[in-house]
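Written below as structure tokens is the structure these notes are about.
None of the figures in this text is laboratory data; all of them are computed from the coordinates on show. As the structure is a computational prediction, the values presented were derived from the model and not from experiment. A quick note on method: Cβ atoms are made from the backbone with ideal geometry, for glycine too, and the neighbour counts reach across all protein chains shown.
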Amino acid sequence: MQRIKLTVHHLYADMMNLYGDRGNVIAIKKRAEWRGIPVEVVDVGLGEVIQPTGCDIFLFGGGQDREQGLLVDDLSGTKGADLKTIVEDGGVVLGVCGGYQLMGHYYETPEGEKLPGVRIFDMYTRPRKLDESRLIGNVLVRVRAPEDASSGTVREIVGFENHGGRTELGNVEPLGKVIIGHGNNGRDNTEGARRLNAYGTYLHGSLLPKNPWLTDQLILSALRLVDDTAELEPLDDATEQAAFSSVVDRIAGR
Ligand code: GLN
């Protein structure tokens, strides 16, 4: 039987790739290929059109204010509208930090410029106040159980944050609750946002290699858009779990 090909669309790959966010592309590619799922990675740069194949994951990495400003005109055109439609249709999107910020209504720079977002999440990001520092450090987040887990399962993710922006959520679920670290704004204990199969987070690191269950959640969601009976056979995640635990131990001071 012909295996479904997974296409990973890496948005602004050469501009939005802070703190190794490209590792998220590699984690998805390897965890799919280890299961015999063919993967194609497509860089979607300035002026290039998003071309979904039916089994897709869209990644939007982090970037400094300058890069966000350079791409926002491109995003505000059909590309942003296409991305929003993809999410409304259940498409799988992961936005990290600067990419996450542009999934809301706007990202306001320290200079007061409001960069328009694609409005996937009901949220906005304001700049830090003069007496507020950047939110930097390792983060541990408790995430509500993903759909494929038995009810009540609590998951955790770890990563590294470095952002000045403070994100305020409106009518949208947070990705999770901050256990250690700052999260969306360092005040309300929320981290990230989640709607349908769209995820946003401040966690760099890169995020996915140390959080294999989330990587598999993205892959499974993409496969099930084509075949709702799709399953993923388990992998030996000893190395990934060791990486996860080492970060947890470090930030918990153990
Ligand atoms: N420029 C944004 C901020 O500082 C996002 C930074 C990032 O992607 N790490 O909040």
Query - J(HN,Hα) series, the range 199-210, from Karplus relation 6.51 cos²θ - 1.76 cosθ + 1.60, nearest Hz, glycine and proline x - result: 10, x, 7, 8, 7, 8, x, 7, 4, 6, x, 8
**Report entry** Residues with amide H under 5 Å from that of Gly159, placed H, sequence gap 5 or more
**Finding:** Val139
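Expressed as a rounded percentage, what relative contact order does the range 1-100 have, with Cα pairs under 8 Å and six or more residues apart?
Averaging sequence separation for qualifying contacts and normalising by length gives 37 percent for the range 1-100.
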Query raised in the report: Kirkwood Rh, the range 153-224, all Cα pairs: how many Å?
Result: 12.9
Query raised in the report: What list of ³J(HN,Hα) couplings, whole Hz, do you get for the range 3-8 from phi and the Karplus terms 6.51, -1.76, 1.60, once you set θ to phi - 60° and write x for glycine and proline?
Result: 6, 5, 8, 9, 10, 9
Report summary line: Dividing the mean separation of Cα pairs under 8 Å (6+ apart) by the residue count of the range 96-254 yields a relative contact order in percent of 20
Query raised in the report: In deg cm²/dmol, rounded to 500, what helix-only [θ] at 222 nm does the chain give when every DSSP H run of at least 4 residues adds -39500 (n - 2.57) and the total is split over its residues?
Result: -7000 deg cm²/dmol
Query - the range 1-155 - Rg (one decimal) and Dmax (whole number), Cα, Å - result: 16.7, 60
Query raised in the report: Once both labels are modelled 7 Å past Cα along the beta-carbon direction, what's the Thr53-Asp89 spacing in nm?
Result: 1.6
Report task. Determine, for each peptide in 57-70, 160-173, 87-100, 198-211, the mean count of other beta carbons within 10 angstrom over its residues, then list the peptides with the highest first. Result -> 198-211, 87-100, 57-70, 160-173
Query raised in the report: In the Gaussian network model of the chain, springs joining C-alpha atoms below 10 Å, which of Arg142, Arg134, Arg187 carries the largest mean-square fluctuation?
Result: Arg187
Query raised in the report: In nm², what is the average projected area of the convex hull enclosing the Cα atoms of the range 1-53?
Result: 3.9
**Report entry** Inter-centroid distance (Cα atoms) of the range 52-110 relative to the range 164-231, Å
**Finding:** 14
Query raised in the report: Expressed as a whole percent, how much of the Cα-Cα distance distribution for the range 35-90 exceeds 15 Å?
Result: 55
